[in-house]
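Undergrad: Sharing a structure with you now.
What follows is calculated from the coordinates using simple rules that are stated; it is not laboratory data. Worth saying up front: this structure is predicted, and the values here are computed from it rather than measured. Virtual Cβ from ideal backbone geometry, glycine too; neighbours counted across all protein chains shown.
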Amino acid sequence: MKADVLRGHLDPMILAVVETDPLHGYAIMEALLERSGGALDLPTGTLYPALRRLERAGYLASEWQTVGGRKRRTYQLTSSGQKMLASGKEEWLSFRTVVEGVLRPNEA
């Protein structure tokens with residue numbers, strides 16, 4: 001999938017992946033890949049800066065944990081992140097409706 005298409009949509013997708021369980025970065029990449037049917041194969045150079053940005057904004061919190069014998073930073077959704085995710089979902093549904101209306105004008 002082209003990077004331009006993701007612009008503005010990556011943050012809510014990351015938040016959605018950690019909505020129920022804290023995950024480390026690689027597990028977040030795998031979850032995005034799996035949930036997208038293989039379309040979102042993000043490089044680490046895209047994911048990790050986004051995780052740091054979301055943490056600085058207060059949407060994610062992180063802590064170091066030992067996973068499989070390795071220390072990894074695990075990310076979880078904050079209450080602000082839950083609000084941002086809800087807003088992102090609403091925004092996406094509205095955007096999707098607009099785009100479908102333009103691209104498929106004769107379908108109801």
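Undergrad: Place the peptides 26-37, 62-73 in order of packing, highest mean first, counting for every residue the other Cβ atoms within 10 Å and averaging per peptide.
TA: So the order, starting with the most tightly packed, is 26-37, 62-73.
Undergrad: Describe numerically, in nm with one decimal, the distance between label points set 7 Å from Cα along Cα→Cβ at Thr97 and at Arg52.
TA: Calculated label separation equals 3.8 nm.
Undergrad: Among Ser79, Leu6, Gly68, which residue has its Cα positioned farthest towards the positive end of the charge dipole of the chain, with +1 placed on the Cβ of Lys and Arg, -1 on the Cβ of Asp and Glu, and the dipole taken about the Cα centre?
TA: The listed residue farthest towards the positive side: Gly68.
Undergrad: Suppose each label sits 7 Å from its Cα in the direction of the beta carbon; what would the Tyr26-Glu90 distance come out to in nanometres?
TA: Distance between label points: 3.8 nm.
Undergrad: I need the semi-axes of the equivalent ellipsoid of the range 66-108: take the C-alpha gyration tensor, multiply each eigenvalue by 5, square-root it, list largest first in whole angstrom.
TA: Taking √(5λ) for each eigenvalue gives 38, 14, 5 Å, largest first.
Undergrad: Then there's this: What percent does the relative contact order of the range 3-90 come to when contacts are Cα pairs within less than 8 Å and at least six residues apart?
TA: Computed value for the range 3-90: 34 percent relative contact order.
Undergrad: I want to verify the translational diffusion coefficient of the chain in µm²/s; compute it with Stokes-Einstein, Rh as the Kirkwood radius over Cα pairs, at 37 °C and 0.692 mPa s.
TA: Answer, rounded: 220 µm²/s.
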